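Written out below as structure tokens is the structure these notes cover.
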Amino acid sequence: MNLCSVRLIVRDIKTLVAFYEAVTTLPARWLSDDFAEIRTPACTLAIGSERTVKLFAEGAARAADNHTAIIEFLVEDVDAAFVRLGGAVTELVQSPTTMPWGNRSLLIRDPEGNLINLFAPVTEAAKQRFLRP
């Protein structure tokens, strides 16, 4: 099994897609007016409008209602990403901080309130966890 995608259901798809293009510096691929994907080397971030929910089951997902998941992006340099994003960050949750498990982490919220962690391993032990075989 391979985790290949995380999907966000959003109220304002154009704003959210533009936000994640700024975060990832990757272009979105629009598959319809209600669905776009941003493909990273490890996983795809899929973004669907609220209208797509009815294709599954009415009420199965609710936009702007996430209070448990953290969407995490591995970056080269957390502090540089923080500076680069500048005005794109509408809500700063935590400035760049080195966590006890060895990652440097920046917590922000996207325009619909989803929690985003931009992180980079900075200790040797943390770097070893992210080595790919």
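Rule-based calculations on the coordinates, nothing more; no lab input. Bear in mind that the values here come from a model prediction, so they are computed numbers and not experimental data. Quick reminder, even Gly has a Cβ in these numbers, built from the backbone with ideal geometry, and neighbours come from all protein chains shown.
At Arg109 and Ala80, where each label point lies 7 Å from the Cα along Cα→Cβ, what is the point-to-point distance in nanometres?
If labels sit at Arg109 and Ala80, their model points lie 3.0 nm apart.
If I model a spin label as a point 7 Å beyond the Cα along the Cα-Cβ vector, how far apart are those points for Thr24 and Val122 in nm?
2.6 nm
Normalised by the residues of segment 58-133, what does the relative contact order come to in percent, with Cα pairs under 8 Å and at least six apart?
On the way: 118 pairs, mean separation 25.0, N = 76.
This gives 33 percent for segment 58-133.
Hey, got the Cα dimensions of segment 58-133 along the principal axes, in Å, largest first?
46, 31, 21
Once phi is turned into θ = phi - 60°, what whole-Hz ³J(HN,Hα) does the Karplus curve with 6.51, -1.76 and 1.60 give for every residue of segment 50-56, x standing for Gly and Pro?
The phi angles translate into 4, 4, 6, 4, 5, 6, 9 Hz.
Within segment 50-86, name every residue whose backbone N is under 17 Å away from a label modeled 7 Å from Cα of Cys43 along the Cβ vector.
Counting only backbone N, you get 66-76.
Round to a whole angstrom and tell me the spacing of the C-alpha centers of segment 5-62 and segment 66-103.
Here the answer is 20 Å between Cα centres.
Go ahead and estimate [θ] at 222 nm for the chain from helices alone: -39,500 (n - 2.57) per DSSP H run with n ≥ 4, summed, over the residue count, rounded to 500. Before the final figure, lay out the partial values.
Numbers: 3 runs with 26 residues, N = 133.
Estimated from H runs of four or more residues: -5500 deg cm²/dmol.
Taking a temperature of 10 °C and a viscosity of 1.306 mPa s, what whole-number D in µm²/s does Stokes-Einstein yield for the chain with Rh from Kirkwood over alpha carbon pairs? Walk me through the numbers on the way to the answer.
Working: Rh = 15.8 Å.
D, rounded to a whole number, is 101 µm²/s.
Collect residues whose amide H, placed 1.01 Å from N in the peptide plane, falls under 5 Å from the amide H of Thr44; neighbours closer than 5 in sequence don't count.
Answer set, sorted by chain and number: Ser5, Val6.
Calculate how steeply helix 13-24 sits against the longest principal axis of the alpha-carbon atoms of the chain, using the helix alpha-carbon long axis, and give the answer as 0 to 90 degrees to the nearest 10.
Computed tilt is about 20 degrees.
In whole Hz, with x marking every Gly and Pro, tabulate ³J(HN,Hα) for segment 35-40 from phi via Karplus 6.51 cos²θ - 1.76 cosθ + 1.60, θ = phi - 60°.
8, 9, 10, 10, 8, 10
Which residue fluctuates the most in the chain, going by a Gaussian network model with Cα springs under 10 Å, if the choices are Leu85, Leu31, Leu115?
The residue with the greatest mean-square fluctuation here is Leu31.
Using Cα pairs closer than 8 Å and at least 6 residues apart in sequence, work out the relative contact order for the chain, in percent.
Numbers: 226 pairs, mean separation 28.8, N = 133.
Rounded, it is 22 percent for the chain.
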